[in-house]
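No value in this document is a laboratory result; all are computed from the given coordinates. Note that the structure is a prediction, hence the values are computed from the model and not measured. For neighbour counting, all protein chains shown are included, and Cβ atoms are generated from backbone atoms with ideal geometry for every residue, glycine included.
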Amino acid sequence: MKVFRSITDLPSFKNAVVTIGSFDGVHIGHQKLLNRAKYLAEEIGGEDIIVTFHPHPRSVIYPKDTSLRLLSTLDEKLRLFEQCKVSNVVIVPFTFEFSQMDPREYIERFLINGFNPAYLILGYDHKFGFNRQGDIQLLRQYEQEGKFRIIEIKQQEIDEITISSTKIRRAITEGNIKESTMYLGHYYNIMGKVVKGDSLGEKIGFPTANIQVSVKDKLIPNEGIYAVYVWIDDQRFGGMLYIGNRPTIGDKLQTTVEVNIFDFSGSLYNETLVVEFVDFIRSDKKFDSLEGLTNQLYMDKATAQSVLEKESPFEKSNVDCKIVILNYNGEEYLESYLSTILESSHHDFDIVVIDNASTDSSVDYINEWHPEVKVVELSQNYGYAGGYNKGLQQIDAKYFALVNSDVLVKEPWLDPILAYMDKHPEVVAMQPKILSIEDQTSFEYAGAAGGMMDLLYYPFCRGRIFDSLEKDEGQYNDIKEVFWTSGAAMVVRADIFKKLGGFDQDYFAHQEEIDFCWRAKRAGYKCMAHGGVQVYHMGGGTLDYDNPRKTFLNFRNNLATIIKNDSKRFFLFVILIRLILDGVAGLQFLLKGRWRQTIAVLQAHFQVYLNIFSLIDKRLTNKKLIQKVKIGKMNWKGRENRFIILDYFIRGIKKYKDL
């Protein structure tokens, strides 16, 4: 993280995404804004920049108001920013003169000249300049001139941030540390230098480090004993902390903050410590003797140790899998199915929704009804393939469970798949059985019980050939190697997915998972279907199966996949045969009066031929990516030695089990 403490010598930022605020406490509301800036910057290939002020503007504008109590000092705030993986922090020295700047001067000299922002992320009530005359409407004028784009945080979200700050302060002053932790999203902490005390603690067997909190406006919790974590450099220790005026040894003594650090010995004088409050143990109390105090401290230590043993500290998550849902204007599906996704595993996996710039209330619905679900908001609709690529760049995990927003889960399906993939590192992707929501005894078109290919690379499935769907009678309840796995619900190995370039975002939607699986198989990996678990999919929920747009994408993307992946000795021959057969398909559509489908087939072929050189470039690029992760020769398992068109239309075989 880069920190700039002056606004006169800033570097030239690239595609800057700027958000401005005091960010006192860097609580869960602030973290959403920081993540939004970070994700957007990653999406556009830019830099996220957090602009904050020091000292706090209120202390400058209202110097006689002594009621301000900060949740974080500047140093504490910077530490929290770093934990949030912020890239750039600009600390603006806030002066009375700065507050009197003309609003247009603020925009032109401070914002535009200083940061050259691509985006500003601001609250609906953002005010600035002399007498706070500048507002979001004035900024909109500059947006219309193309100076930058504005992402306006809605009133409800800003109000929630304000409410969170109020609740945090109240909880801390009332000793409700657990509640404050919930709203902060991290432990409340104080940072200070160790100074000399009177060594009383050492004399009674509880040596303490006396901490001097130098910032007078810092909110100090109420007097009493607390279970805490203590950071010494980069090492964390358990401890118990005392705040009070030590009534047992005298009257009206100065209030001290001192911590007894468990399992530590050595001098800490002049060292800077960070103390994180985990729980409140008891209020301060006057004892009749030092012996009574000592006996109580032994009990306090036992209580603190018990609290810390049960605690799950805020550390980097070791969860192996994240469930990721791509959404575009899918509020109806999220309302119907999102809660069921929680049933995907016996474990508490994170759920992330990548939102493709929805214009409905999808994000509001998630924030209100599923606050446990994380949201990655993209600035535009990149389609299925591009949306996943952009969003997954911002998510770290060993496995991604990619699930459509129109998928219903009735029972855990992830655990057996993850267990199998952990034991078989050569497996790059695995899907469950996919059944229909509308007829839950039948397989669903999008993947069924695992995807296969024929000699001409027509995709079909165990449980579905072309438009013919089988009943699920347990015939595919095995674990089977396939050629491709369904994007409706599949687990992918995250590192290989990213190293192979993810999905081809030019596909927009449909068959991008086939293209990815083919690349993985060219590197020697396996794709599997697990018939012992299942999910339910709304067929054509996001785009109707009879939609000409879907026909266009399916024909175009299938041809592109062949050109990019098939052996160079055969793909021209395959393309020639496909040209003839696709022409027959187009003629059939026409004879059935579905002329829009015929046009879609023609458009698909013309677009492929017009972009043939681009596809060949991708073929060469993919070859280089494949070489970097290669573990073996091309794995042809799942490609069946047959012509599925002849089986289906001439021999009349409609079920995979009859092939």
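Any chance you could give the angle, 0 to 90 degrees and rounded to 10, that helix 155-173 forms with the longest Cα principal axis of the chain?
Orientation of helix 155-173: about 40 degrees from the principal axis.
For the chain, calculate the relative contact order in percent as a whole number, restricting contacts to Cα pairs under 8 Å that are 6 or more residues apart.
Answer for the chain is 9 percent.
What list of ³J(HN,Hα) couplings, whole Hz, do you get for region 54-69 from phi and the Karplus terms 6.51, -1.76, 1.60, once you set θ to phi - 60° and write x for glycine and proline?
Values, residue by residue: 8, x, 4, x, 4, 6, 8, 6, 10, x, 7, 7, 9, 7, 5, 10 Hz.
Would you be so kind as to identify which of VAL376, THR485, LEU418 lies farthest towards the positive end of the dipole of region 321-658, taking Lys and Arg as +1 and Asp and Glu as -1 on Cβ and the Cα centre as origin?
The residue sitting most towards the positive pole is THR485.
Where does each of 292-298, 506-512, 408-414 land if you order them by average Cβ count within 10 Å, highest first?
506-512, 408-414, 292-298
Under 8 Å for C-alpha pairs, at least 6 residues apart: give me the relative contact order for region 187-310, rounded to a whole percent.
Value for region 187-310: 33 percent.
Helix 571-591: angle to the longest alpha-carbon principal axis of the chain, degrees 0 to 90, nearest 10?
80
In region 303-397, which chymotrypsin sites (Phe, Trp or Tyr not before Pro) are in a loop and have at most 15 other Cβ atoms within 10 Å, using DSSP for the loop call?
PHE314
List the lysines whose Cα lies under 21 Å from the Cα of LYS193, skipping any in the same chain that are fewer than 8 positions away.
Candidates past the 8-residue exclusion: LYS77, LYS216, LYS218.
Spelling out what I want: for every residue of region 639-652, take phi, set θ = phi - 60°, compute 6.51 cos²θ - 1.76 cosθ + 1.60 (Karplus), and round to whole Hz; glycine and proline get x.
These are the phi-based 3J(HN,Hα) values: 9, 8, 7, 7, 10, 5, 5, 5, 4, 7, 8, 9, 7, x Hz.
Could you tally the net charge around TYR445, taking each other residue with its Cβ under 10 Å from the Cβ of TYR445, Lys/Arg +1 and Asp/Glu -1?
Taking every Cβ under 10 Å from that of TYR445, the sum is -1.
Compute the distance from the alpha-carbon center of region 372-422 to that of region 72-143, in whole Å.
34
Between their Cα atoms, which of LYS2/LYS499; LYS433/LYS628; LYS398/LYS526 are more than 20 Å away from each other?
Long pairs (Cα-Cα over 20 Å): LYS2/LYS499; LYS433/LYS628.
For LYS218, LYS390, which order do you get if you count the other beta carbons within 10 Å of each Cβ and list the fewest first?
So the ranking, lowest neighbour count to highest, is LYS218, LYS390.
Among the lysines, which have Cα under 25 Å from the Cα of LYS592 when same-chain residues fewer than 8 positions away are ignored?
Those lysines meeting the cut-off are LYS550, LYS654, LYS655.
Please compute the alpha carbon radius of gyration of region 526-658, then divide it by the globular-protein estimate 2.2 N^0.38 Å. Two decimals is fine.
Here the answer is 1.23, to two decimals.
Quote the Stokes-Einstein diffusion coefficient, in whole µm² s⁻¹, for the chain, based on the Kirkwood radius over alpha carbon pairs, a temperature of 10 °C and a viscosity of 1.306 mPa s.
Once the numbers are plugged in, D ends up at 56 µm²/s.
What trypsin sites (Lys or Arg not before Pro) does region 23-98 have in DSSP loop regions with at most 12 other beta carbons within 10 Å?
Listed in order of number, the matching sites are LYS64, LYS85.
What value, in deg cm²/dmol to 500, does the helix sum -39500 (n - 2.57) over DSSP H runs of n ≥ 4 give at 222 nm once divided by the residues of the chain?
My calculation for the chain gives -10500 deg cm²/dmol from helical runs alone.
In vacuo Debye scattering of region 2-162, one point per C-alpha: log10 I(q)/I(0) at q = 0.16, 0.21 Å⁻¹?
At q = 0.16, 0.21 Å⁻¹ the computed log10 ratios are -0.94, -1.79.
List the pair-distance distribution P(r) of region 321-658, using every Cα-Cα distance, as the percent of pairs falling in each 10 Å bin from 0 up to the bin containing the longest distance, rounded to whole percents.
6, 26, 36, 25, 7, 0
Quick check on packing: order 255-265, 475-485, 240-250 by the mean number of other C-beta atoms within 10 Å, highest mean leading.
Answer by packing, highest mean first, reads 475-485, 240-250, 255-265.
Applying a 10 Å radius around every beta-carbon, put 570-578, 356-364, 141-149 in order of their mean neighbour count, most first.
The packing order, highest mean first, is 356-364, 570-578, 141-149.
Once the Cα atoms of helix 612-629 and of the chain are each reduced to a long axis, what angle between those two axes, in degrees from 0 to 90 to the nearest 10, is obtained?
60
Provide the percentage of antiparallel DSSP beta bridges, counting only those with both residues in the chain; round to the nearest 5.
So the antiparallel bridges amount to about 55 percent of the total.
Starting from the Cα of LYS637, draw a straight line to each of the aspartates and glutamates and keep only those under 14 Å, dropping any in the same chain fewer than 8 residues away.
Of all the aspartates and glutamates, those that pass the test against LYS637 - Cα under 14 Å, at least 8 places apart if same chain - are GLU426, ASP454, GLU481.
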